[in-house]
Every structure is written in structure tokens, then in C-alpha cells.
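The values are calculated or read from the model by the stated rules, or taken from the named source; none is laboratory data. As the structure is a computational prediction, the values presented were derived from the model and not from experiment. Here Cβ is always computed from backbone atoms with ideal geometry, including for glycine, and neighbour counts include all displayed protein chains.
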There are 4 protein chains.
Amino acid sequence: MRSVVTAVNERRWDFASDNTSGISPKAWAAMAEANEGFLPSYGDDKYTEAAADAFREVFEIDCEVFFVFNGTAANSLALASLCQSYHSVICHETAHVETDECGAPEFFSNGTKLLLAGGPNGKLSLDTVDHLIMKRRDIHYPRPHVLSLSAPTELGTLYRPEEIRELTALAHSHGLKVHMDGTRFANAIAALGVNPAQLTWQVGVDVLCFGGTKTGLGLSEAVVFFNRTLAEEFDYRCKQAGQLASKMRFMAAPWVKMLPDGSWLEGSSHANHCAALLVDLIKDAPDVERLFPVEANAVFLRLPQRVHDHLKRRGWSYYIFIGGGARFMCSWATSEDAVRDLAKDICEGAAQT
Amino acid sequence: MRSVVTAVNERRWDFASDNTSGISPKAWAAMAEANEGFLPSYGDDKYTEAAADAFREVFEIDCEVFFVFNGTAANSLALASLCQSYHSVICHETAHVETDECGAPEFFSNGTKLLLAGGPNGKLSLDTVDHLIMKRRDIHYPRPHVLSLSAPTELGTLYRPEEIRELTALAHSHGLKVHMDGTRFANAIAALGVNPAQLTWQVGVDVLCFGGTKTGLGLSEAVVFFNRTLAEEFDYRCKQAGQLASKMRFMAAPWVKMLPDGSWLEGSSHANHCAALLVDLIKDAPDVERLFPVEANAVFLRLPQRVHDHLKRRGWSYYIFIGGGARFMCSWATSEDAVRDLAKDICEGAAQT
Amino acid sequence: MRSVVTAVNERRWDFASDNTSGISPKAWAAMAEANEGFLPSYGDDKYTEAAADAFREVFEIDCEVFFVFNGTAANSLALASLCQSYHSVICHETAHVETDECGAPEFFSNGTKLLLAGGPNGKLSLDTVDHLIMKRRDIHYPRPHVLSLSAPTELGTLYRPEEIRELTALAHSHGLKVHMDGTRFANAIAALGVNPAQLTWQVGVDVLCFGGTKTGLGLSEAVVFFNRTLAEEFDYRCKQAGQLASKMRFMAAPWVKMLPDGSWLEGSSHANHCAALLVDLIKDAPDVERLFPVEANAVFLRLPQRVHDHLKRRGWSYYIFIGGGARFMCSWATSEDAVRDLAKDICEGAAQT
Amino acid sequence: MRSVVTAVNERRWDFASDNTSGISPKAWAAMAEANEGFLPSYGDDKYTEAAADAFREVFEIDCEVFFVFNGTAANSLALASLCQSYHSVICHETAHVETDECGAPEFFSNGTKLLLAGGPNGKLSLDTVDHLIMKRRDIHYPRPHVLSLSAPTELGTLYRPEEIRELTALAHSHGLKVHMDGTRFANAIAALGVNPAQLTWQVGVDVLCFGGTKTGLGLSEAVVFFNRTLAEEFDYRCKQAGQLASKMRFMAAPWVKMLPDGSWLEGSSHANHCAALLVDLIKDAPDVERLFPVEANAVFLRLPQRVHDHLKRRGWSYYIFIGGGARFMCSWATSEDAVRDLAKDICEGAAQT
């Protein structure tokens, strides 16, 4: 959905994305601790084992866990493991797998088609999913085999557990598996105040891609199979696809530290808080319109041109989307001061006439 | 776009598709003549050479020609030869490559994405093509690399040469190549009364998939590269993709007979005529509406339920599309009697109240 | 294994391959009969149904049958249906899937590796297969998932049923599936005098690619799944891979005629006879050496240069393999006169000094 | 070539591989420095730009540089960019792309075949390369399009610049491109005492995969295109293949620090020294045989069973290869004390009778 990124002479990248921040202190400390001596490579080390166990504890289920390098790979490998090339994946038309992975799902699966469903606020509606499942049942069209949800969505909105359950029930009743893109899963959990299990396997999610990068790690995305049968030979799939790290310890260690003590949620809670704060601070700015409910760490605004111009002068960088929406993302590293600076500039720009 | 095929207890397949007919007498005779003695296999025979020459003559250019088994393979291989996996192909949302090839373009190209443009009557409009070319220019989205046109379109309509020229000029100005799906190319030429060159390379088409099957051959689709550079190693591509026939002579011989003497157009002219006749015969039927201009051999009608019911009783089979449109296809083998039978049944059904 | 094909100024293609012949009278008659009126396309016609039934009868099992265009596609699709991309296929180093399909198995499966086993006379030996299964059991190497046999082999030799049983037992004991490349399956059955069942599912073959082209059809290869579970969605796989014929009737009808009455074996018996005759006629030629047991329709000879020269002067075309072996193939269309002509020229050439 | 990895109850991983070590102090410090504030993601940051410049300086050429996550991806993407699916890559039968990447080159290229050449000490011999280039020139076999060399080889040996020049000249004369797998490129340069340019583009290498991981980085492999034309759209290829890091700064920063001041060679020099020391210390051990010249950081030994037993008791882990060879790898982190400990245990084991 992204159309234009503002010119790169900008000076402030705080809100351009939640991956413009670095590695959080806690994740860094965990990596430093893991940087000791010699350890087996390719995930046969104690950190990787402990990290997998930590996921099992946090999700309250004996899941199977794999660590890969980025979200594109996590989503694409998970989808490929659920599909054959002649299958299709139903997702929202604004889903990241459709709009921002450069055809990676099609590449990893050797041709699986994405079928795009609609629905307000970036969320799939039951009827459009049902329509896509039913509209073609002949061999001349790829057969729907997976439903892909995002938590939060690309528009920063959230499904409630009961909404997910309705969608997964529909999917499962037609034999589809359910994938969840959780690149900002921690933001979803922090915002909803539910347990990870309540947002995933307890409401029918089969595979979750749980993002570490946007949660403050350097790079590490966990692919979590709640159904172990679906994970069969996923290790081979990762290896062949160039997603098996030799020094896996550095991708695993931060999870070991941050999952058990709940600190994985701190940065995301803070990010969510910053987003809410930004919305609050600009709520009276004339001609500035919030485009979608702000439920996690993304704020989409419709801005008049004078505000765009002012923000540009002030050096802010952010994505502009088709139709003119501006996206501001908060992360674990966002400071309240920065939020106030940005809000002030938005209000200033809006006040100009 | 196809949604439902009517139940298969039907008795009359005349209009279900233009591939429910057999092999035309002329094509059959050519195959029979080629069925003599021993000949080199894999296309090193005299018929294949003569067929390629016949294409060069008919198209008035030193093109490169390859024969493959069906239209899905022809389109997919041609597109794959113009693309890398991280590219995209712009086509109409009703194009056969999108709606009826089960993800073959994505499969053969290892992931190339189809970008769907709109436009009335199954024809691409310049502005939607332009929009798709321009909307994303970043590496997070597959880069448009091919424009795919159909002649005729899936809705049985036709681009005029000047319309094609406008589209290809737009495409070429952005570095895109132009592919034409000509599974019914003969119908297009017969209807427009132009030379093959005038509808293809003279108006900017780079590669044409020229269908033989629907023109009366058993199976044989020609992939015609007007730009020989683009054809480099296409023979390897065909071989690896399981599209190199050992007994190629049978796929080549009919072209040798039918291209030079113009008889390749006879069956298609007849088919176009039958479609026009059908439209004329049902033009006064109440509540029966022609959905698109009938410019080649396809007739799309909106029929009231009572007509559907009546046609079902009478044993007619045809495709029903999303929204309720009914498609009737004419071929080289369609008889005027059958057209009159069908028209009579449509009118009878419509007259019932 | 093929290295050089002799120059294409040759005049006699009788023995170059068993696909330099045309369509046999019986197959032609069946196609002619099927060329009547309108029939459902894509295999929903009565001929395709009857052909599948004929296979079930001949193989004495409720198998699942699909028709594709050529042997490369048949083998590659069958293998792809048994594999994931990170798996491997064990085959003989001279197997057609390795030496003459231009990487098609790797292409259709999106990367499956072929592991090459040895064994005398083109036949897999148990120990080399066992070695390949066992040598690597780690995720850094593709996991063996299929054993591929050929009947007859590329060198014209034959496995006996009990040899096949030993190989399939080994394969199955390690979880591998068994594929049989039967591009000349009729030659194997004709030579061994066993029932089709005895050479396939009764000795552990899971999927057979049964060649029609080299048996006298124009083009039609049957993929026969003895285990129906393995055939799941194979129709989708064929469609997406450009291997679903619209006018399927022409690929099915010859089987309907030739399987039930046993005539499918006549041409192959004749071909085998011609090969044996050739061997007999040249057995006293000096310096001419038979390279492998002649058990079906292929004769491999080591010829001194003077014989190559003489055959070239006489216009014979044939394949020359690495190491200098010459291959002469007999087909349903080979005449005994031609065999005698060729034998005479070989003997003449050999007699020159 | 790897066959068995010793049981994982071992305690000492020092020599199991050169990726069992962690991140070197210099690389760590660079990452720490880069972990400041907000920066553009996906490689648009100052560190990535500076790193690319550093490569240009060290290689004395205006090369194009991309950073990916691991060596499997680097090699596979580089090869895929030089090939079509119907091409083949010539490499040594012991090359990592063949033996330890689980079919990744075939996967990323959608089916490109690896053709295995021989040659003593893991090095390609001219005649076997020439043989593979020439043996098949027909469309039934994948056309050789790339020669892949390794520096050092998987057996720890080294090509001299003039040897590389001979191989690349042969390759180029037949239209092949040349890829170098330099996962331990620093070890090669440190051992040979030549400039990077002298081992690469000055002797005909087109693309180098320069490994960071085994040089002491956490993960970062540089794909260096000396011919910029070949790099066209490689950024799209990386993105689609899940190899574009959002927080690229951490993969780039260590190179910025370590390339310009020459410190990238320190760890590798030390590793090479440790390997030489090990060889020296065990040279008198009875029945212990060095298998290949020790030219970089790998030591391959043939050990009698009593030595294997003793090493196992002492808790050493290492790879055992087909035929019984044992591989000991040294890295930047290997201590001389550990080398002496290992050597002592080898000698003790050998002395037992």
C-alpha cells in the first residue's frame, strides 16, 4: 500500500518505522552474555534450546519454534510450509505479505497466489473471506489453502480474540490452515492485555510469525508452530532457503532473557503509549484527521499539504501512502520528547494558513 | 472470473468453449501427411522448419518461433522469458493468465506477481496501466516488467491497432516488454481485417502466443518472438519445462498447410460469424441482455433464471460467470443449425412467464 | 550420458531414436474415431474416463491416472508430487531424468537434487542406493525421499521383478517412495513376459510414468499412481504446470483402443525383435562389440572408426555416447529390411581394413 | 562430503568449525557504536554506505556490494543472478554449494544444476572443467553458465592467483561467468599475502561472496560484484529472497571498522597460524596422517580409531568425513593453549597401543 517514501534528506527517523531504532539494552545485554566462548553452531546450542522452551512456557503449549532472519522470510517460509505451488493464500489487500515483501511468498512457495480480501481498517471481513474461499472450486484456479491474518494489521488495528476465532473457524471448516503475521505481535499483546495463547492457538491460529526485530532485537523472528505436525522438516526448509544461522546463539539469547520475565512487552507497551500520546496531542489540530483506530503503535493521519510541507522543513521522515495518508510508527526507543516535538510540528503546520 | 460451470449432465457441448470441438479437416489432413516415415525428433524436422518459415511470411518479419503444447504453457513461458521472479506483469483483471491458469505464470517464473488493471469490456485502460506502473517504485514491491494484452480479450472484445499502440508506447516508455495472449489470435485477425503484423509488432508487441488449438489444431501453440534477442535460449526453457515435443512434426504440419493459403482464418471467420448470428437471433428476447460488445467468437449474455432453467432442460452446457453472465463460444466447428437451435431455446425460455 | 549427435545431414533416421517414427495405424484410427463432434474439454470426456478405466483393468488395481504431454513432464511432475524442494531423488547416473531432461526434475520441484548411484548395465545396485540413503542424515544436505527406477533403463537393460522388489524394499524401509520411469514400459513388459502389475505395484512401485509416445502414440504419457493418496491434487499440479490438455480426447482415445485388446504390446514386441535381429546380424562383425545386454529395443555398440565413417557415408543417423558407444533404437515402425540394411552397412564397414 | 558429526555430548567446540566462536571484540565494538539513535532502515543508512565504500577501497575497484545474512544465501543469490534455471554451474565435487547447502543453489535459481568436477586437494583441475563445459552442448542438458571456485577450498587448500586466472580464462572463453565462494576469503588473503584484487577481479572473478561470519562478525556476508552490470536489480533479488535486513547497520558497521585499517586480516592470520601450529605439534604422532596441504585454517587428519576414542573421551568435537578424515578448524578465537591441548590429546591417543 506504501506509495512514496519522503525524500531522504530528512534528519529525524524516529517515526519512519519501528525498525529505525537499534537494539534495546536488554536484548543487547543478552547478546553480550551469549558472546562467550565456543558453542555448537546452527542452533544446537543452549541458548536456542532455552529460547524454544521460553516460547513454550509463554504460549502454554508444546509448540515447535524456529528462528529466522527477518519477517519476510518468516512469513514466506511459514506460508510455503502450509501450501503447494498450486494453492492460494487469502489475506487482506493491505497485508504486508502482499504489499511489502516483493513477491517473497510467491517465490518461496514457487508460485502460490495471494487472494486479496477487503474489510474495514485493514481487518478481514468474514464475508469477503468466505467469498474468496467459495468463488472458484475448479482446477483452473489456485485452491485456497491458507488464511493469513496480521496482529496488529498493517494499519495498526487489532483483531479481538473472538474475531480471530470466527475467521479461523470459517477457514478451518473449509480445510484452510491459519497463519498469523505477528511482526509486531508484542504490540498486539501489550495492547489487548490478553495472554499470547488467547490470541493464537486458543482461537485457531496454526502458525505464528513472532517478530523480534521490531520488539527491540537486532534480528530474529520466531516461527512458532502450535501444531507440531505442520512443522515437519521445517528445519530443512529453513536451511535450503538460506535462513539457518550458524551463530544462532545471538538470535536466541535475547528471547531467553526477555520472554520469561515479561520484559518483551515493556518496549511494545511503551510504543503503544507513545502512539496514543501522539494522537492525543494532535487531536485539536485543524484539518488533521486520524485515518484508522489507533490500537497499537501506528498512527495514520490525513494531513493537509501545509502540514506535509512544515514537517518536511522540520526534517521529519515518514511514509506517505496511496491517498495521502501519513504513517508515524512508535517503537521501544521512541522518546516522549520526540512525540511532543512531532506533535508540536504537526500542530504548528496545521495552524498555518 | 469463471465461477461456476453448469452441471455435467448436459448433452450439448457446442458452445461450452471453443475447445470442445475436435481437429479441423485441414489440420487433420496435414497431420496425416506428416505421418510418413522417420523424421528427426524435437523439432529438427522439415515440417517444423517450414512452419517457422510460414510464420515469418505471414507476419512479414524474421521472427523466432517455438511450438508448445497448450496456451497456459505458451503464456507462462513467454512471460517467464521476459521476467525475473521479482518482477511483475500488468494484465487485465479478467485476463486468462490471471483467472484460468491456476497460477502457472507465477510457477514458471518462480514467483512473478500479476498486477491487475481494470478497464471496460475486458480491455486495459491507459490510466489504470499507468497507475500500476507508477504506484510503487521501491524494492519492497515487484517491479513491473511486462504488459500483457489479449487479442481478443477474455470477454470477446478487441483492441484496435491504435489502442494497442498507445498501450505498448506507455509500456515501452517505462521499460516494460509487451506480451500478447493470442489464444484466439485468428479470431481477432479475422474480425479486424488487418494483417497479423498490424496487430502485433508494428504496434509494439514483443511476443505473441498464437493459439492453434482453438483455431482447429489438436494441440499446438506458437510462441512468436518478434524481437529475436528476447528469444535467446527459449529452446532450453521449453525443454526444461516439459514443453518440447519429440514428435514435433504433428504440431508443426498443420501450420505449414494453413498459414500460407490463408485457410487459418476460415474457421475463425466462421466462428465470428456464428457469434454475430447468435446475437442477432436473440436480440428481441425479453430480459436477455448482451453484456459486452460481440467482436469475435464469444457471446456473453445476462439471462433471467427462467432462461437458465430452460437451457438446462434442453441440455445446453455453458459457463456461468460471477454476477450471472453466461458465455457462449463459437468455433470453427459450430454449425449454423446449432446456433439457431440455441437461439430458439434462449428465446423460448425468455418468452416463458 | 549422450555426448554427441551425429551431423544432421544424415538421410536415414530409422534408428536414431524410437521417437523418430510417427503415429501407429491403431493409435491413428483411435484418434480419428475420437474426432467426432463436441466433447467436454480438459479430460471430462468419455475417452479420458474410459482410458483411465483401461489402465485400471490392465494393472489390476484401482489406480489413479493422468495424461500429460511428454515424458519429461510426466517424470518431473511425478517426482515433484513425491518431494519437497529440500528432498533428493536417488537415480542411476545414466537415468533419463539426470541426463536428458535439462534439469526439469529440479525445475518442477523447485530445487530437488538428484543423487546419482552407480551399478552395471544402467541398473542401480543395492549397495550404491543404500550408500546414498545413509551417507548424509543432516539438514545440510537434501534428504533422500524418492528412488527412481527405469524400465527399461537408458541402456536398454531390464530389471527383473525380484530385483525391483529388493530395491523398493530398501527404499521403503527408509521412508522413500518409488518412481518408475516407464517411457518404454511396453518394451519392458513385452520383453519380460510378465503382467504390468508384476513389474510395478506388486513389487513396490508407487508411481509409474507409462510412455505412449514411444509406443506409437502421437503424444500422451500416463502418470499412474498405484497409491491414490499420493495422487491428491495432482490434477492441480498438472494444470499449473501447463500439462492439462483441453482436447484431452486425442491423448486418451488411443489407450482406450490399445490397452484392452493387448495391441499396446505389439509394436513394442516388434521393436524388441528388431533389436535382437540387429544384434544377431552383426555378431560376427570384426571389432564390433555389444556394450550392454540387449534386452529391449536398444542396441549399444562399440564401433571402430571405420564403421562410423562407413555409416556416415551411408547416411545413417544415431547417437554417439561418451566413450564412443553408438546407440541404435528400434520402434514399432522399424522394418526388418531397415535392420538388414543397417546390419549390412555395419558389417561392410567393419570388413574394411 | 561431510558424513558424520560426532555425538553432541562433547564439551569442547573450539575446533568443530570456525563458526562455533562468537563475535570478535572489534566487530562487537563496531556494532555497539552503530547502536545509537534512529537510522534509515534497509541499508539506506550511513554505515551501509561507508561499508560499501570500504569494500571499493580494499578491492581497488568501483564494485557493487550487498550484505546478506549467511553464506548459503550469498552463494545461492549470486549464482542465481548469473544463471537461468536451465543453466548449470560447474564446481568442485567437494564445494560447499554442493555438499552443505541443502540444495539452496537449486532452490534460489529454480532448478539450476550443479555439475561436479574433480581435481586433487579440493581444487578444480582445468581438464575436468573443460570436460564438463564441452561434454554436452545440446538442449537436453543444462548449459554450463557459471564456474564456481572457493577460496580457500572446503579442504583448506588455496588456489594461487595464476591458477585462478587459468580457470577463469577457460570459463570466460566459453561464455561462463565466475563466482568465488569466499566464506573464508580473509583466510585466503592472509595466507597468500596478496591483495584482494589480485585474487579476484584481476584474475577474472566476476562475483565474490566474502564471508564475515567466519571472520568474526555475528552475521554478515558481502556479495561483491566487480562487474556492475551483473549486479543489476540484485537488491530486488535479495529483498524477495528474504535477505534484506531492516537494521542493516549492524551488518555493515563491523566492515566499516575492520576493512580500512587491515584488522579484518588479523583474526584470519591468527587462525591460519593456529592450524599450522597444530600440524607442527602432531607431525610425529604415529599413524596420524595429514590429508591435504594445510594452507589456511583447516586441518584434515586421518586418525586411527584409538585417537578418535581418546579425543572422544577428552570431549573434543569435530567433523568426521567420508573415508574417516577428521576436520579441525581454527578461528579468530582459537587459543594457542587450546591448540596445544588438542595436539597433546591427539599425540597421547596415537601413542596408545
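Here are the numbers for the structure shown:
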| item | result |
| --- | --- |
| Qualifying residue in region A:133-140 (condition: closer than 20 Å to C:S85 by Cβ and either surrounded by fewer than 24 Cβ atoms within 10 Å (Cβ to Cβ) or assigned by TED's automatic domain parsing to the domain that holds A:T229 (or both)) | no |
| Unique match (being modelled with pLDDT of 95 or more and closer than 22 Å to A:F67 by Cα) among A:I189, A:I164 | A:I189 |
| Pairs, first at the interface with another protein chain (Cβ under 7 Å from one of its Cβ atoms) in region A:236-252, second basic (K, R), C-beta under 8 Å, six or more apart | A:Y236/C:R143 |
| Test: residue in region A:103-123 that is free of Cβ contacts under 8 Å to residues at least 24 places away in the same chain and closer than 27 Å to D:L244 by Cβ | yes |
| Candidate set: region A:184-233, residues that are among the acidic types (D, E) and buried (at least 22 other Cβ atoms within 10 Å of the Cβ); chosen: the one nearest to the chain's Cα centre (by Cα) | A:E221 |
| In region C:286-319, residue farthest from C:A351 (Cα to Cα) [restricted to those that are among the hydrophobic types (A, V, I, L, M, F, W, C) and outside any loop (DSSP other than H, G, I, E, B)] | C:A298 |
| Condition met for D:I61 (surrounded by fewer than 21 Cβ atoms within 10 Å (Cβ to Cβ), β-branched (V, I, T) and either away from every other protein chain (no Cβ under 11 Å) or assigned to a loop (DSSP other than H, G, I, E, B) (or both)) | yes |
| Meets criteria (free of Cβ contacts under 8 Å to residues at least 40 places away in the same chain and over 18 Å from the mean Cα position of the chain (by Cα)) for A:S81 | no |
| Looking only at region B:32-43, and only at residues there that are free of Cβ contacts under 8 Å to residues at least 12 places away in the same chain and either more than 10 Å from every other protein chain (Cβ to nearest Cβ) or closer than 14 Å to C:N19 by Cβ (or both), the one that is surrounded by the fewest Cβ atoms within 10 Å (Cβ to Cβ) | B:G37 |
| Residues of region D:320-330 classified as assigned to a loop (DSSP other than H, G, I, E, B) and within 14 Å of chain C (Cβ to nearest Cβ), total | 3 |
| Residue check, B:A16 of a type in the set (A, V, I, L, M, F, W, C), facing chain C (nearest Cβ under 9 Å) and farther than 20 Å from B:T153 by Cβ | no |
| Condition check for D:A276: without any contact (Cβ under 8 Å) to a residue 60 or more places away in the chain, outside any loop (DSSP other than H, G, I, E, B) and not hydroxyl-bearing (S, T, Y) | yes |
| Those residues of region C:141-183 which are of a type in the set (G, A, S) and surrounded by 21 or more Cβ atoms within 10 Å (Cβ to Cβ), in sequence order | C:S148, C:S150, C:A151, C:G156, C:A171, C:G182 |
| Residue count for region D:132-150, restricted to those that are within 15 Å of D:E166 (Cα to Cα) and out of contact with any Cys (no Cβ under 9 Å at 6 or more places or on another chain) | 1 |
| Subset of region D:64-78 [under 20 Å from A:F69 (Cβ atoms) and more than 11 Å from chain A (Cβ to nearest Cβ)] | D:V65, D:F66, D:F67, D:A78 |
| Tally of residues being touching a Ser or Thr at 6+ places or on another chain (Cβ under 9 Å) and assigned to a helix (DSSP H, G or I) across region A:211-235 | 6 |
| Condition check for A:S76: at pLDDT 95 or above and under 22 Å from A:G118 (Cα atoms) | yes |
| Residue among C:S125, C:S109 that is assigned by TED's automatic domain parsing to the domain that holds C:V207 and out of contact with any helix residue (DSSP H, G or I) (no Cβ under 7 Å at 6 or more places or on another chain) | C:S125 |
| Out of D:R136, D:R165, sole residue that is more than 25 Å from A:R237 (Cβ to Cβ) and touching a Ser or Thr at 6+ places or on another chain (Cβ under 9 Å) | D:R136 |
| A:D181 being outside any helix (DSSP H, G or I) and of a type in the set (D, E, K, R) | yes |
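Each row is one residue, and each column tells you yes or no for (1) at pLDDT 95 or above; (2) of a type in the set (F, W, Y); (3) on the phi < 0 side of the Ramachandran plot; (4) within 19 Å of the chain's Cα centre (by Cα).
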site	(1), (2), (3), (4)
D:R2	no, no, yes, yes
D:S17	yes, no, yes, yes
D:N35	yes, no, yes, no
D:L39	yes, no, yes, no
